[in-house]
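The values are calculated or read from the model by the stated rules, or taken from the named source; none is laboratory data. Small disclaimer: the values here were computed from a predicted structure and weren't measured. We place every Cβ from the backbone using ideal geometry, glycine too, and count neighbours over all the protein chains shown. Accessible surface is based on the protein model in full, side chains and every heavy atom, while ligands, DNA and RNA are left aside. Shrake-Rupley method; radii C 1.70, N 1.55, O 1.52, S 1.80 Å.
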Amino acid sequence: MDPQEIYSTLTEEMNTILIGNDDVIEGIAIALFTRGHILLEGVPGVAKTTIANAFAHTTGFEFNRIQMTPDLLPADITGTHVYREGTGEFSLQRGPIFSNLLVADEINRATPKTQSALLEGMQERTVTIEGDT
């Protein structure tokens with residue numbers, strides 16, 4: 001499918017949900033096509049999370065949001081192994097970084113190690129959980 005055709009269909013569908021955010025939608029679409037990332041800046045209440053959630057819904061992507069707080073741990077982003085009493089084994093509980101579209105709100109509030117876990121996934125496209133990448 002042609003990227004222009006995808007973009008046209010996407011903007012048409014998004015405009016049924018939100019009106020007047022064409023620049024933001026275009027930026028998110030460019031990030032999608034180029035496997036990049038986007039920084040949405042703005043005062044609270046201008047629908048940044050709503051736009052991202054609507055974009056994910058429109059494209060069929062899995063959407064997650066993380067509120068970056070000082071007490072957030074890297075495992076809260078990446079996931080961890082959880083003991084399952086019924087089976088007596090550990091299983092991987094994937095964190096929100098494994099979604100297709102992730103909103104990380106107020107990154108500057110998190111500790112450096114937590115920021116590093118997020119940035120590893122963004123830059124290197126890898127996730128390290130309990131020493132395993």
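I'd like to check one number: the per residue accessible area of the chain, probe 1.4 Å, reported in Å² as a whole number.
About 66 Å² of surface per residue is accessible.
Please give me the summed charge of the neighbours of S91: other residues whose Cβ is under 15 Å from its Cβ, Lys and Arg +1, Asp and Glu -1.
Charge balance in the 15 Å sphere: -2.
Taking the inverse of the average 1/r across all pairs of different Cα atoms in the stretch 1-61, what Kirkwood radius in Å do you get?
It works out to 11.9 Å.
How large a share of the accessible area of the chain, in percent, is made up of carbon and sulfur atoms when the probe is 1.4 Å and the other protein chains stay in place?
Values: 4490 of 8760 Å².
Ligands and nucleic acids excluded, carbon and sulfur reach 51 percent.
Taking only DSSP H segments of four or more residues, each worth -39500 (n - 2.57), what value at 222 nm results for the chain once the sum is divided by all its residues, to the nearest 500 deg cm²/dmol?
Helices in the chain give a 222 nm mean residue ellipticity of -11500 deg cm²/dmol.
Using the Karplus curve 6.51 cos²θ - 1.76 cosθ + 1.60 with θ = phi - 60°, work out ³J(HN,Hα) for each residue of the stretch 116-131 in order, rounded to whole Hz, and write x for Gly and Pro.
The phi angles translate into 4, 4, 5, 5, 4, x, 6, 7, 8, 6, 10, 9, 10, 10, 6, x Hz.
From the backbone phi of the stretch 24-33, what are the Karplus-calculated ³J(HN,Hα) couplings (6.51 cos²θ - 1.76 cosθ + 1.60, θ = phi - 60°) in whole Hz, Gly and Pro given as x?
Karplus-based 3J(HN,Hα) across the stretch 24-33 equals 5, 4, 4, x, 5, 5, 4, 4, 5, 5 Hz.
Taking amide H positions as placed 1.01 Å from N in the peptide plane, with prolines and chain starts having none, which residues 5 or more places from R65, or on another chain, fall under 5 Å of its amide H?
V103
With an 8 Å cut-off on Cα pairs and a minimum separation of 6 or more residues, tell me the relative contact order of the stretch 1-128 in percent. Numbers along the way, then the final one.
Working: 144 pairs, mean separation 27.9, N = 128.
This gives 22 percent for the stretch 1-128.
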